[in-house]
Each structure stands twice: as C-alpha cells, then as structure tokens.
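What follows is a single structure, written as structure tokens, with notes after it.
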Amino acid sequence: MTDQRFLHNQWSSRLAFVLAASGSAIGLGNIWKFPYLAGENGGGAFVAVYLLCVAAIGIPIMIAETMLGRRGRQNPINTMLSLAQEAKAGPAWHYAGWLGVLSGFLILSYYSVIAGWSMVYILKMNSGYMSHISAETAARVFDDLKSAPEIQFIWHTVFMAATMLIVSRGVSGGLERATRFMMPGLFIMLILLDGYAMSSDGFGQGMSFLFKPDFSRINGESVLVAMGQAFFSLGLGMGAIMIYGSYLPDHVSISRSTIFVASADTLVALLAGVAIFPIVFANHLEPTMGPGLIFQTLPIAFGQMPGGSLFGVLFFVLVFFAAITSAIALIEPAVAWLSENQAMSREKACLWSGLSCWLLGLGTVFSFNLWSGNTWFGKNFFELVDFLTANIMLPVGGILVALFAGWIMRRETSETELEMGSAYNYWRFTIRYVSPLAVALVTLSAVGVI
Ligand code: PFF
C-alpha cells in the first residue's frame with residue numbers, strides 16, 4: 001500500500017483537509033435544499049429529526065468513511081478492494097465503492113442545474129432589477145427561469161465545464177486557497193441575512209416554525225427525507241469523504257476534524273433556515289413551495305436592504321463557490337477511478353465523466369418545463385434522481401461503510417487509525433449497531449417494506 005501514497009498527493013495540513021471536507025459538505029444542500037425540505041416536511045419536527053440523524057448516524061459514519069479512505073489511500077473502489085483483502089473478506093465489498101461513484105455522478109447531474117440557477121441570480125441581482133421587488137414579482141422571475149430550458153441549458157453547461165476544468169487540474173492548489181476565503185465569506189453573508197431576518201415581522205413565526213417541533217406534522221417519509229438530507233449535507237455514503245480521507249496525513253485526528261466539519265455544516269444549514277423562514281412568513285408565502293424557496297425569498301430581503309444589489313451579487317457568488325467545491329467532491333470518485341483503474345489521463349477522465357453527467361443533467365433541466373408532465377411513481381425526473389440518490393443510495397452506501405468499519409475491519413486496525421481513547425468504544429458500538437439498524441429501519445419503513 002505504501003507506494004500508493006506517492007501516486008496520491010496529500011493535503012498540506014489538517015487545516016487543508018478541514019477546509020476541503022467543509023467545502024464538500026457545505027453546498028447547495030445547506031442553503032438551497034435544507035430550507036425547502038424543512039418547509040415541505042413540517043418545519044421544527046423535521047429539523048429535530050435531522051439534527052438527531054446528524055449526531056447519531058452521520059458523525060459516526062463520517063468518521064468511519066474518512067478512516068477507510070485514509071487506510072486505503074486510493075479511489076473508493078480500490079480502497080474497498082484492498083481493505084477487504086487486508087481484512088481477509090471477499091472482493092464483493094468493492095461494489096460499495098461502485099455505488100458511491102454512481103451516486104456522486106447522479107447527484108452532480110442535477111446539482112449542476114441548480115448551481116446554474118444561482119449563477120443566473122448573480123446576473124439578476126447585478127442588474128438592479130431586484131431592488132424593492134415584491135413577493136409576486138420574485139415568484140414570477142423564478143417561474144420564468146424554471147420554464148426556460150434554454151437558459152438553464154446554458155448555465156448548466158457553464159457550471160459543468162467550470163467544475164471539470166478545476167477537477168482536471170488535481171485536487172489541491174487553487175481549490176485549497178479558494179475555500180479558505182469563500183467559506184468564511186459565506187458564513188458572514190448568512191449572518192448578515194439573519195440580522196435582516198431578526199428585524200423582519202416574520203421573525204417570531206419563522207423561528208417557531210423552524211425550532212418548535214410538532215411531531216404530528218411528520219410521517220415515515222419525512223423521517224427518511226431528514227435522514228437522507230443528513231447524508232447528503234455531510235456528503236456521506238458515496239466515497240467523497242473517503243477520497244478526501246485518502247489524502248489525509250497520518251498524524252491528524254480523524255474524529256476531531258470530522259466533528260468540526262459536521263458542526264460547521266449543520267450551523268450553515270440552520271443559519272440559512274433562520275434567514276429564510278422569517279421572509280416567508282412576513283410576505284405571506286408558503287413554506288411548502290419547494291426547490292424555488294431561496295430564489296423566491298432572498299431577493300425580497302436583498303431588495304429591501306441598503307446596498308442590497310451588491311450583497312445579493314456577493315451572496316449568489318458565494319453560493320456558486322459553495323456549489324462548485326461540492327461538485328468537485330461529487331465527481332472526484334468517478335474521475336479518480338477512471339484515471340487510476342482505466343489508465344485514462346486525468347483530462348480524458350474529466351472529459352468523459354463530465355460530458356455524460358452533463359447529458360444526464362438535461363433530464364433535470366427539462367423536468368421543470370418540457371417534461372414536467374412525465375412522472376414515474378409520482379415524481380418527475382429531477383425528483384426521481386434526487387429521491388433515489390439522497391434517500392436510497394447514500395443511506396445504503398452509509399450502511400455498507402458502517403458494516404465494513406464495524407464488523408469487517410479488524411478492531412486493532414480501526415483503533416490504531418482513530419486514536420480516540422475511551423470514545424472509541426462508543427463509536428464502535430454506534431457503528432456496529434445503532435447506525436446500520438437505524439438507517440435500515442427508516443429506509444425500509446418509508447418505502448413500505450416494514
Ligand atoms: N454536501 C453537499 C451539499 O450539501 O450541497 C452535496 C454533496 C457533496 C453530497 C459531496 C455528497 C457528496 F459526496
């Protein structure tokens with residue numbers, strides 16, 4: 001295994017890993033998806049289940065996945081293969097790596113379309129057109145975008161090309177430097193929006209919607225969605241964190257770094273929720289409006305702030321950066337596999353994976369307009385890809401990681417890798433029993449099997 005370390009460059013420091021892992025975790029999932037899912041799934045109760053899933057399932061699996069990556073030091077498929085060999089288990093475990101490569105690829109196909117929306121909003125904010133915009137106009141502007149396939153086509157293409165260009169140059173360098181500024185920037189913008197929300201009429205109502213759980217408002221499917229969102233937001237179950245773990249130097253504490261990343265990720269999601277729901281209630285909007293939620297609410301807030309156009313531009317630029325750092329993590333497993341296993345150059349691997357992902361993304365572009373009438377199991381193309389990946393594939397990937405780390409890998413191996421002291425036993429119990437059982441129960445009951 002040692003010579004793999006020379007193939008694979010390592011992060012310059014613990015900080016670099018934390019920044020890159022936060023870059024992968026913090027993205028559209030926090031700013032765009034978390035608020036609209038909370039809005040659609042009953043508010044406070046959804047948030048409570050989400051927080052529980054992050055703490056009880058997400059963090060232990062994140063530790064496990066990072067550990068597998070660091071131990072294997074290759075792309076997820078080869079990592080699973082060589083770790084299975086090391087533990088004298090069968091080679092079938094590498095299918096877990098495959099599942100991850102596939103989920104990342106599927107997620108990126110629609111992620112890029114939504115990131116394209118945020119790029120459109122950079123221009124809209126810059127035009128000054130959004131100044132003092134009413135809720136009705138904000139809704140119309142968003143609907144116009146949704147029903148225009150050609151505009152989404154263009155920006156989806158631009159985003160995918162930008163992502164693949166960065167990925168083709170390797171994982172450190174510019175990316176490390178960019179995340180160092182962008183993440184704190186995003187954080188400051190969200191605090192600013194929260195300050196605005198506090199002064200708005202809807203603040204009290206927004207807070208109680210978000211933080212006062214009413215458990216009668218959720219059902220099995222919302223619990224599954226909350227759990228899927230925990231996986232999605234932390235970037236788990238698909239090998240991305242495994243890949244980043246594979247670049248992590250030996251002496252760095254995995255548990256401390258991952259707990260830090262998970263906390264930052266959760267904080268950003270909550271800050272986004274706190275910014276958005278007061279605007280929803282102050283303007284008598286529906287929290288259940290779905291994927292358009294941030295695009296229909298935040299422009300109203302920016303429109304009323306002094307200097308709002310500038311802040312609006314800055315905000316969507318930061319959303320774009322948050323999206324691109326996640327997009328890189330989504331496609332890196334596929335690119336690493338193509339270039340390490342199929343003897344393709346990194347550029348060629350980027351070209352092929354980027355092109356096919358782009359093509360699939362057109363399904364999402366059309367699902368909002370030309371194909372909006374086409375549904376499978378009551379879901380359009382975008383909803384179906386999202387449901388399959390976030391709610392089925394990532395949790396299944398997570399169970400496999402948990403089972404491997406808890407039952408297949410030898411105790412001495414994980415104990416040495418993790419160096420957690422007495423917390424090790426707690427982690428081991430959770431990863432062996434709590435996480436796999438909880439994920440299996442939630443998934444099976446939501447899809448109606450039990
Ligand atoms: N965590 C990202 C977000 O919240 O936007 C999405 C994501 C990135 C999911 C990387 C999975 C992943 F491996």
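The values are calculated or read from the model by the stated rules, or taken from the named source; none is laboratory data. For clarity, every value in this text was computed on a predicted model and none was experimentally measured. All Cβ positions, glycine included, derive from the backbone under ideal geometry; neighbour counts span all protein chains shown.
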Residue pairs meeting the criteria (Cβ under 8 Å; at least 6 apart or on separate chains; first touching a residue at least 60 places away in the same chain (Cβ under 8 Å), in the stretch 237-252; second within 15 Å of the ligand (Cβ to nearest atom) and of a type in the set (D, E, K, R)): Gly237/Glu65; Gly239/Glu65; Ala240/Glu332; Ile241/Glu65; Met242/Glu65; Ile243/Glu332; Gly245/Glu65
Helices (runs of 4 or more DSSP H) contained in the stretch 15-102 and holding at least 2 residues farther than 28 Å from Gly170 by Cβ: 34-40, 44-53, 59-72
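A quick yes/no check of all residues on (1) at pLDDT below 80; (2) farther than 30 Å from Ala87 by Cα; (3) away from the ligand (no atom under 12 Å from the Cβ):
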position: Trp11; (1), (2), (3): yes, no, yes
position: Val18; (1), (2), (3): no, no, yes
position: Ala21; (1), (2), (3): no, no, no
position: Gly27; (1), (2), (3): no, yes, no
position: Glu40; (1), (2), (3): no, yes, yes
position: Tyr50; (1), (2), (3): no, yes, yes
Candidates Ala87, Ala96, Ala56, filtered to the one that is more than 16 Å from the ligand (Cβ to nearest atom), within 16 Å of Gly235 (Cα to Cα) and either crowded, with 24+ Cβ neighbours inside 10 Å or modelled with pLDDT under 95 (or both): Ala56
Check on Met67, in contact with a Phe, Trp or Tyr (Cβ under 7 Å, 6 or more places away or on another chain) and farther than 19 Å from Ser356 by Cβ: no
Within the stretch 262-290, considering residues that are small (Gly, Ala, Ser) and closer than 20 Å to Ile61 by Cα, the one surrounded by the fewest Cβ atoms within 10 Å (Cβ to Cβ): Ser263
Helices (runs of 4 or more DSSP H) completely within the stretch 181-261 that count 2 or more residues being within 16 Å of the ligand (Cβ to nearest atom), surrounded by 20 or more Cβ atoms within 10 Å (Cβ to Cβ) and not basic (Lys, Arg): 220-234, 240-246
Conditions (1) under 30 Å from Ile188 (Cα atoms); (2) away from the ligand (no atom under 14 Å from the Cβ); (3) not hydrophobic (A, V, I, L, M, F, W, C); number of the one not met by Arg73: (1)
Cβ-Cβ under 6 Å pairs, at least 6 apart or on other chains, the stretch 107-134 side more than 16 Å from the ligand (Cβ to nearest atom), far side part of a helix (DSSP H, G or I) and of a type in the set (Ser, Thr, Tyr): Met125/Ser309; Gly128/Ser309
Cβ-Cβ under 6 Å pairs, at least 6 apart or on other chains, the stretch 343-359 side more than 24 Å from Gly116 (Cα to Cα), far side surrounded by 13 or more Cβ atoms within 10 Å (Cβ to Cβ) and aliphatic (A, V, I, L, M): Met344/Leu338
Unmet criterion (only one of (1) closer than 30 Å to Tyr424 by Cα; (2) surrounded by fewer than 24 Cβ atoms within 10 Å (Cβ to Cβ); (3) modelled with pLDDT of 90 or more) for Lys124: (1)
